[in-house]
Amino acid sequence: MSNGSLQALHARASSRARPETSEALSPMEVLDADHRQMVVMLAKLGSLVDAGNDLSAQPMRALALEVHGFFGEHARRHHADEEQHIFPDLLNSSDASVRAHAERLQQDHRWLEQDWLELAPSISCVADGIGGIDEDMLREAIGIFTALYQEHIVLEESIAYPEARRAQAAAEAGRALRRATALAEASTG
Ligand SMILES: [Fe+2]
Ligand SMILES: [Fe+2]
C-alpha cells in the first residue's frame, strides 16, 4: 500500500469502528468490509429481477434506491481507494504476474463503471416509480454486472489484498529497522 497518502482511507477507517470495541478499523479492514457489503448489495440488486416481482411496488422502489446509492457512491469510492492505495505497489511489483493482475483489476474497474452507467438509469426509474422498463434486458444487465463484480472481488481477495498486506508489512518492518538502527547509533554515539 502506498505510504504517505493514506489519510483519506484512514479517515474512512476511523469513522468505521468495530461495533464490539469501538476501535477503528484498519484501512485494509475497511476494504474487506466494503467487499462484504458489495456481496450483500449485489444480492439485493439481483432480487429486483426475481420472478414475479412488481417493480412498481414500494419495497422494490426502496430496494432500487438503496442499491443505486451504494453502487453510485460507496462502490465508486472503494474503487478510487484501491486505485490510489492498493494498485500502485502491485503495478510496480517485480513479479510480472502480479503486475498483470493489477492491470486486469484496473480494467475491471473501467468495465464495472461502464456497466453501472448503463444499468443506473433503469435502477433510477424503478426507484422513482417510472414504468416501461424492459425487465428481460434489466435482468441480463444485472447478471453481467454481478458476474464481473464477483469475479473481481475474488481476484482482489486472493491476489491483490494479500500482496498489499505483504508490501505494507515489509514497509513497516523497514521503518522499524531504521528506527532501531537510529536508536542504536544514538546510544553509542
Ligand atoms: Fe476493485
Ligand atoms: Fe475491491
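The values are calculated or read from the model by the stated rules, or taken from the named source; none is laboratory data. Please read all numbers here as calculations on a predicted model, not as lab measurements. No Cβ is skipped: glycine too gets one built from the backbone with ideal geometry, and neighbour counts run over all protein chains shown.
Tell me, please, whether a residue that is within 16 Å of ligand 2 (Cβ to nearest atom), under 30 Å from Gln58 (Cβ atoms) and part of a helix (DSSP H, G or I) can be found in region 123-133. The answer is no; no qualifying residue exists. Among all residues of region 106-113, there is at least one that is crowded, with 16+ Cβ neighbours inside 10 Å, within 30 Å of Ser56 (Cβ to Cβ) and not polar (S, T, N, Q).
Exactly one residue out of Leu65, Leu90, Leu45, Leu112 is part of a helix (DSSP H, G or I), farther than 17 Å from Arg139 by Cβ and more than 16 Å from ligand 1 (Cβ to nearest atom): that is Leu65. Residues in region 94-134 that are farther than 17 Å from Leu45 by Cβ, of a type in the set (Val, Ile, Thr) and in contact (Cβ under 8 Å) with a residue 24 or more places away in the chain: Val98 only. Scanning region 163-189 for residues that are at pLDDT 85 or above and β-branched (Val, Ile, Thr) yields a single hit, Thr181. Here Thr146 passes the criteria (1) within 18 Å of Ala64 (Cβ to Cβ); (2) more than 16 Å from ligand 2 (Cβ to nearest atom); (3) polar (S, T, N, Q) except the one numbered (2). In region 162-181 there is at least one residue matching the filter, namely being within 16 Å of His35 (Cα to Cα) and either without any contact (Cβ under 8 Å) to a residue 60 or more places away in the chain or crowded, with 18+ Cβ neighbours inside 10 Å (or both). Of the listed requirements (1) surrounded by 15 or more Cβ atoms within 10 Å (Cβ to Cβ); (2) in a helix (DSSP H, G or I), Ser97 misses just one: (1).
Given the criteria part of a helix (DSSP H, G or I), of a type in the set (A, V, I, L, M), closer than 24 Å to Asn53 by Cα and touching a residue at least 24 places away in the same chain (Cβ under 8 Å), does Ile153 qualify? Spell out the reasoning first.
Values: part of a helix (DSSP H, G or I): yes; of a type in the set (A, V, I, L, M): yes; closer than 24 Å to Asn53 by Cα: no; touching a residue at least 24 places away in the same chain (Cβ under 8 Å): yes.
Against the criterion (part of a helix (DSSP H, G or I), of a type in the set (A, V, I, L, M), closer than 24 Å to Asn53 by Cα and touching a residue at least 24 places away in the same chain (Cβ under 8 Å)), Ile153 does not qualify.
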